[in-house]
Amino acid sequence: MARYLGPRDKIERRLGERLGLKGERSNSPKSGIVKRPYPPGQHGSGRRPRKLSEYGTQLRSKQKVRQMYRLMEKPFKAYVKKALANTKKESPYSAVITSLEMRLDNVVFRMGLAQSRDQAHQLVSHGHITLNGKRAKTASIAVRVGDIIGIREHSMSSPYFSTLMPRWFAEHVAPDWLSVDKTVPTATVKSTPTAETSGVQTTDLQAIIEYYSR
């Protein structure tokens, strides 16, 4: 699957918000949005903020949430369209959040094995993660309530898991829909994620649904 590999600081500067795209660095004084709090480009620092149209607001919300979950346009659109088609079973808000949050790479990020979704995606695609005891290498796998996510035994001795990850894992606070055993470490999916625990604003969800309903 295609992935954006360009500068992540520029994404946050363009949208004017911290999205945690670079883990700890995104929240530090070294982040691009702190050092250069204006849009990227030759004339970025001299531009006056413009009032967005309704379409511009919807587009910005779509881009922000899509970048948060590090998805290209095609799969992101598919998640939203599927949610809109299943409105009889659950609200489109809940369906969109469930689809995004229950991706395996996102669960790896939420349980604290990675500091960013890009890092989590890499851990999965390199075969370091297990799902219900079996090696999983597809980041887009949709996990379900009751599933157990862990680290492949062979990977536990790697420098990443033995030295780097422990620096932040012990202090990481996972959302309440995940039960994390930090001694193993593994995580069990207890329930379905909600918009509140995802950090996605309801106004952004509404704008995204309106954007794809045009």
Query raised in the report: Does ARG70 satisfy the condition of being in contact with a His (Cβ under 8 Å, 6 or more places away or on another chain), outside any helix (DSSP H, G or I) and charged (D, E, K, R)?
Result: yes
Query raised in the report: Within the range 104-126, is there a residue that is hydrophobic (A, V, I, L, M, F, W, C), farther than 27 Å from GLN206 by Cα and surrounded by fewer than 22 Cβ atoms within 10 Å (Cβ to Cβ)?
Result: no
Report summary line: Counting only residues in the range 55-71 that are over 12 Å from the mean Cα position of the chain (by Cα) and open to solvent by 30 Å² or more (accessible area, probe 1.4 Å), the one nearest to ALA120 (Cα to Cα) is identified as GLN63
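I want to confirm something. Restricting to the range 193-214 and keeping residues that are in a loop (DSSP other than H, G, I, E, B) and open to solvent by 70 Å² or more (accessible area, probe 1.4 Å), which single residue is farthest from TYR55 (Cα to Cα)?
Pass one, the range 193-214, residues in a loop (DSSP other than H, G, I, E, B): 193-194, 199-201, 213-214.
Checking which are open to solvent by 70 Å² or more (accessible area, probe 1.4 Å) leaves us with 201, 213-214.
Working: GLN201: 18, SER213: 12, ARG214: 10 Å.
If we take residues in the range 193-214 being in a loop (DSSP other than H, G, I, E, B) and open to solvent by 70 Å² or more (accessible area, probe 1.4 Å), then GLN201 is farthest from TYR55 (Cα to Cα).
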Report task. Inspect all residues belonging to the range 101-124 and state whether any of them is more than 18 Å from THR188 (Cβ to Cβ), part of a helix (DSSP H, G or I) and among the hydroxyl-bearing types (Ser, Thr, Tyr). Result -> no
**Report entry** Hits in the range 158-185 (condition: surrounded by 11 or more Cβ atoms within 10 Å (Cβ to Cβ) and either among the polar types (S, T, N, Q) or within 17 Å of the chain's Cα centre (by Cα) (or both))
**Finding:** SER158, SER162, HIS172, ALA174, PRO175, ASP176, TRP177, LEU178, SER179
Report task. Out of the residues in the range 84-102 that are in contact (Cβ under 8 Å) with a residue 40 or more places away in the chain and of a type outside the set (Ser, Thr, Tyr), state the one that is surrounded by the most Cβ atoms within 10 Å (Cβ to Cβ). Result -> GLU101
Requested in this report: Could you identify the single residue in VAL189, VAL184 that is touching a residue at least 60 places away in the same chain (Cβ under 8 Å) and among the β-branched types (Val, Ile, Thr)?
Outcome: VAL189
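Kindly evaluate ALA187 against the criterion of being out of contact with any strand residue (DSSP E or B) (no Cβ under 9 Å at 6 or more places or on another chain), more than 30 Å from THR57 (Cα to Cα) and modelled with pLDDT of 90 or more. Show your work before the answer.
Values: out of contact with any strand residue (DSSP E or B) (no Cβ under 9 Å at 6 or more places or on another chain): no; more than 30 Å from THR57 (Cα to Cα): yes; modelled with pLDDT of 90 or more: yes.
Judged against the criteria, ALA187 is not a match.
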Query raised in the report: LYS51: more than 18 Å from VAL200 (Cα to Cα) and either open to solvent by 50 Å² or more (accessible area, probe 1.4 Å) or assigned to a helix (DSSP H, G or I) (or both), yes or no?
Result: yes
Query - Lone unmet requirement of (1) without any contact (Cβ under 8 Å) to a residue 24 or more places away in the chain; (2) open to solvent by 60 Å² or more (accessible area, probe 1.4 Å); (3) hydroxyl-bearing (Ser, Thr, Tyr) for THR138 - result: (1)
**Report entry** the range 143-157, residues that are open to solvent by 60 Å² or more (accessible area, probe 1.4 Å) and either within 15 Å of ALA187 (Cα to Cα) or part of a helix (DSSP H, G or I) (or both)
**Finding:** ARG144, VAL145, ILE148, ARG152, GLU153, HIS154
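Quick check on ARG167: is it assigned to a helix (DSSP H, G or I) and either among the acidic types (Asp, Glu) or free of Cβ contacts under 8 Å to residues at least 60 places away in the same chain (or both)? Quick ask: steps written out before the conclusion?
Numbers: assigned to a helix (DSSP H, G or I): yes; either among the acidic types (Asp, Glu) or free of Cβ contacts under 8 Å to residues at least 60 places away in the same chain (or both): yes.
Criteria met by ARG167.
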Query raised in the report: Taking the range 75-100, which residues are under 17 Å from THR194 (Cβ atoms), assigned to a helix (DSSP H, G or I) and of a type outside the set (Gly, Ala, Ser)?
Result: TYR79, PRO92, TYR93, VAL96, ILE97, THR98, LEU100
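The values are calculated or read from the model by the stated rules, or taken from the named source; none is laboratory data. The model shown is predicted, which means the values in this text are computed figures rather than measured ones. With ideal geometry, Cβ positions are generated from the backbone for all residues, glycine too; neighbour counts draw on all protein chains shown. When the accessible area is computed, the model is the full protein with side chains, heavy atoms only, and any ligands, DNA or RNA have been set aside. Shrake-Rupley method; radii C 1.70, N 1.55, O 1.52, S 1.80 Å.
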